[in-house]
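Everything below concerns the one structure shown next.
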There are 2 protein chains.
Amino acid sequence: MVKITGYEIHDVRFPTSLTGDGTDAMNTECDYSSAYISFLTDSDLVGHGMTFTIGRGNDIVCIAIKEVANRLVGKETEELFANMGKTWDFMMADPQLRWIGPEKGVIHIASGAVNNALWDMYARSRSKPLWKLIEELVNSAAFRYISDAITKEEALATLKEKEAEKKEREEKVRELGYPAYVTSAGWLGYSDEKMKVGADQANDLRRGLIIRSIIDDPQHLPAGQAPRDLNSEALRGKNAGPTGAVLMIDANQVWDVQQAIDYVKGLEAIKPWFIEEPTAPDDILGHAAIRKGLKPYGIGVATGEHAHNRMVFKQLLQAEAIDVVQIDSCRLAGVSEVLSVLLMAAKFGVPVCPHAGGVGLCEYVIHLSLIDYIAVSGSMERNVLEFVDHLHEHFVTPCSINKNGRYNVPTNPNEGYSIEMHKASIAEFEWPHGSYWVGVKAKK
Amino acid sequence: MVKITGYEIHDVRFPTSLTGDGTDAMNTECDYSSAYISFLTDSDLVGHGMTFTIGRGNDIVCIAIKEVANRLVGKETEELFANMGKTWDFMMADPQLRWIGPEKGVIHIASGAVNNALWDMYARSRSKPLWKLIEELVNSAAFRYISDAITKEEALATLKEKEAEKKEREEKVRELGYPAYVTSAGWLGYSDEKMKVGADQANDLRRGLIIRSIIDDPQHLPAGQAPRDLNSEALRGKNAGPTGAVLMIDANQVWDVQQAIDYVKGLEAIKPWFIEEPTAPDDILGHAAIRKGLKPYGIGVATGEHAHNRMVFKQLLQAEAIDVVQIDSCRLAGVSEVLSVLLMAAKFGVPVCPHAGGVGLCEYVIHLSLIDYIAVSGSMERNVLEFVDHLHEHFVTPCSINKNGRYNVPTNPNEGYSIEMHKASIAEFEWPHGSYWVGVKAKK
């Protein structure tokens, strides 16, 4: 019997503000950061997890992680693994910590790091990469407050329905990889592209037309990368160009509701698949109004990177406010809450395209998209997964992309949730006493 | 020219868990706590503010307060006071801290403490209690993300419309006091009562009938307290009893949506004015469904104590999800965001009954209800303000109740937002090194 005996927490910050990586209309001066926890046990078993921030405040999240993790110290791991849904409920049920959420902000993303570390440990204990833990999904999800949208029984029926062809889908994705798109501005190596907008409409239109002309031209595909097949074009709607590629645009919450409609309909000419985060992430009815306002222009709406819990996603689906569900692997409180959202999205028939980039997010999300494809939605044709090619070198088992620009399937039996960071990276970038930050201070 | 030169922050926790004060179906083991900040300047001018928590995690909020307060150090106070709306926007605009919200949870309630401290300082600088700062309200409010519900011009029109009789209303409330109700279980000294429900339906019904029989009997009114007048009865709907008193019930988020409807309709016999917090505070559409489901039984819906920002209130109003808006003075990010909600509630014609109790909340909310009555909604007939009679002794200018069970109007020109805590109270209850907590540890 293995027991959790304690944990280590690290505040790790990478100096991305120096290069401008990840900067957008709302989130300037980013130092991509990880609030990182490793659970320790009285055996060799460990579990790593993290949540992502963009710098200042990462220390606040680390302190919150400690409070949440304290609830699990002393527990027997097999008891926790036996019903990960129940374990999630227990983790979330501290009444005093609940007050400073509830289920949102610092305490919720801290809960995400802790829950993810537990799932990592669970996967390691079974010598499987996390996505292979696809039995018993329904007992692993968080169901409180969403029974008006999906019951456990309905979730179970969805999973049963997908059961028959699971093996086939697993083989297919192992062979082909999982579809990816890139966001890094100006880096046009992939068929699908996402562009940041919101600062100047005329300039956005000009840039969009340039990107469009490139992704619509089969000559510009990277060597060896085939255009999307016709079936996939059909699935991706009329805004897929002649190569099957789509262009997405992302406003990072800069507008009020009417502003969003007025601005984005002016970008009709670049045929965006969707506008991402047009307004405040809490504004479900606002997203619904924007979607309705943009429908005549053939432009969809996506959000979720800042949607803070399953209740927000539930309402976005109920209100028909979005065309694409963009879950975040550690803004939601870990794998258990993500599973609830995957199940709801499948029931409502809305594709899931997780948010990634930052640090560690790409490592996480490939597991979630594999679970979605193999066991829940059964589809990867409409879906794409964000990919940004930086900071992967800090992970022991980094994600990777195949020659067709698709995510490879993680296969290492010891990689768990793929989020273990190199000890040397932690030592260098721990804030404020890691060697890198001490060096910066010395130079000042 | 006065400048902010720094601040002091205190983590103050009162051992209310020993007495069971404030315990309900969701929030057990409460130690009512204050994350408290005092701004210092290069003059005698100071500003005190706090946010409320129920214990564990109060330290996390204190660290977040520090991060937000840092933005204001070095600023000239008159520049900040000149446009408190713009100042609020500036306070909220740190991109890195925004990521760990945005506008929710720890970082948002910390922003509430900071904004309230600034408002306290503003009122002190004008030698007025805060509620008397009722000019320029429209420039003091937070308008981002709510222009689809109310524009600045509409808000201005509302305020102009109320202008003529402001003086008259001020005189009236100074004379009568502002209506209050109590929540402390079993303490039946007031005409209106609120009862906690959710653990057992039959028992709730039994207790409710007892309370109903008492508040409906004119004999049980405290000496000197008149029954509500007929006009007020009419305004309060058919669930006001023969004395004009109403009974409210509060579930503190324990149910899923359908559960809430099923449970509460079974309490029809006790004629509750409303059910408070029937489900997750983020569930706008859920509250709308519950309100629709309970309408045939004459029972309304209230929420807001955990509604985390103006966008949530905007949607609750747009979706016609609530009968009563229950703002919290420090879960919203301070006076500026509260003003936005007061303005929206007035436009939608929904009464505002602020959440109070805890520690410091009663001191705060009388100011907000006075602003609402005198300058915004113009009505205190439908409205009531929660009152709980404990922990007031820790404040320099505590709130008080008149012989008719109504809040007295704060009149001390030096009390600002009435939230200054006695230095001795801070020294005794500061956690973990105050004399009280050191004593507890020594006894263990």
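The values are calculated or read from the model by the stated rules, or taken from the named source; none is laboratory data. Quantities reported herein were computed from a predicted structural model and do not represent experimental measurements. Every residue, glycine among them, receives a Cβ derived from its backbone with ideal geometry; neighbour counts consider all protein chains shown. Ligands, DNA and RNA are excluded from the accessible area calculation, which covers all protein heavy atoms including side chains. Shrake-Rupley method; radii C 1.70, N 1.55, O 1.52, S 1.80 Å.
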Just tell me which aspartates and glutamates come within less than 12 Å, Cα to Cα, of residue A:132; anything on the same chain fewer than 8 places away is out. A:120, A:170, A:372, A:415
What's the average, rounded to a whole number, of partner chain beta-carbon atoms within 10 Å of each residue's beta-carbon in A:59-67? 4
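Dividing the Cα convex hull volume of segment B:351-394 by residue count, how many Å³ per residue is that?
It comes to 60 Å³ per residue, whole-number rounded.
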What residue among A:255, A:131, A:88 shows peak mean-square fluctuation when chain A is described by a Gaussian network model with Cα springs under 10 Å? A:255
Average other protein chain Cβ within 10 Å of Cβ, residues A:310-323: 3
Excluding ligands, DNA and RNA, what is the solvent-accessible area per residue of the protein assembly as shown at a probe of 1.4 Å, expressed in Å²? 35
Which value at 222 nm does the protein assembly as shown reach when only helices count, each DSSP H run of 4 or more adding -39,500 (n - 2.57), with the total divided by all residues and rounded to the nearest 500 deg cm²/dmol? -11500 deg cm²/dmol
Could you give the nm distance between label points at residue B:400 and residue B:214, where each point is 7 Å from its Cα heading toward the beta carbon? 2.6
Quick one: of A:86/A:314; B:295/B:347; B:172/B:238; A:66/B:441; A:66/B:443, which pairs are farther than 30 Å apart, Cα to Cα? none
Can you name the residue in chain A whose Cβ lies closest to the A-to-B rotation axis, and give that gap in whole Å? A:105, 1
Hull volume in cubic angstrom per residue (convex hull over the Cα atoms of the protein assembly as shown): 171
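Tell me, what is the percent relative contact order of chain B, built from C-alpha pairs under 8 Å that lie six or more residues apart?
Here the relative contact order equals 19 percent.
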Would you please put B:50-61, B:357-368 in order of how densely packed they are, using the mean number of other Cβ atoms within 10 angstrom per residue and starting with the highest? B:357-368, B:50-61
Gyration tensor verdict on segment A:94-176 (Cα atoms; rounded if a/c is under 1.5, prolate if a/b is larger than b/c, oblate otherwise): oblate
Quick one: label points 7 angstrom along Cα→Cβ at residue A:379, distances to the other copies in nm, smallest first? 4.7
Give me the percent of Cα-Cα pairs in segment B:282-423 that sit more than 18 Å apart, rounded to a whole number. 56
Kindly give the distances from residue A:1 to its copy-mates, label point to label point, with each label point 7 Å from Cα along Cα→Cβ, as nm values to one decimal ordered shortest first. 6.9
So the B/A interface buries, both sides summed and with a 1.4 Å probe, an accessible area in Å² (nearest 100) of 5200
In segment B:92-130, what residues drop by 50 Å² or more of accessible area when the other protein chains are put back, versus the chain on its own? Use 1.4 Å, and skip ligands and nucleic acids. B:95, B:96, B:98, B:99, B:100, B:104, B:106
For A:335, A:73, A:254, the accessible-area ranking with a 1.4 Å probe, largest leading, is A:73, A:254, A:335
So for chain B, what are the equivalent ellipsoid semi-axes in whole Å, largest first, each being the square root of 5 times an eigenvalue of the Cα gyration tensor? 33, 25, 22
Carbon and sulfur atoms: what percent of the 1.4 Å accessible area of the protein assembly as shown do they account for? 53
Copies compared at residue A:135 - label distances in nm, ascending, label defined 7 Å from Cα in the Cβ direction: 7.5
Pull out a ≥ b ≥ c, the square roots of the eigenvalues of the alpha-carbon gyration tensor of segment A:310-393, then state rounded if a/c is under 1.5, prolate if not and a/b is larger than b/c, and oblate in the remaining case. prolate
Averaged across the residues of B:252-259, what count of C-beta atoms belonging to other chains lies within 10 Å of each residue's C-beta? 4
Judged on accessible area alone, 1.4 Å probe, highest first, B:172, A:104 line up as B:172, A:104
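May I ask which of B:128/B:160; A:194/A:265; A:3/B:104; A:166/A:194; B:271/B:292; A:292/B:152 have a Cα-Cα span longer than 28 Å here? Walk me through the numbers before you get to the answer.
Details: B:128/B:160 22 Å; A:194/A:265 17 Å; A:3/B:104 35 Å; A:166/A:194 30 Å; B:271/B:292 17 Å; A:292/B:152 25 Å.
Over 28 Å apart, Cα to Cα: A:3/B:104; A:166/A:194.
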Decide, for segment A:399-444, between rounded, prolate and oblate: order the square roots of the alpha carbon gyration tensor eigenvalues as a ≥ b ≥ c, take rounded if a/c falls under 1.5, and otherwise choose prolate if a/b is larger than b/c, else oblate. oblate
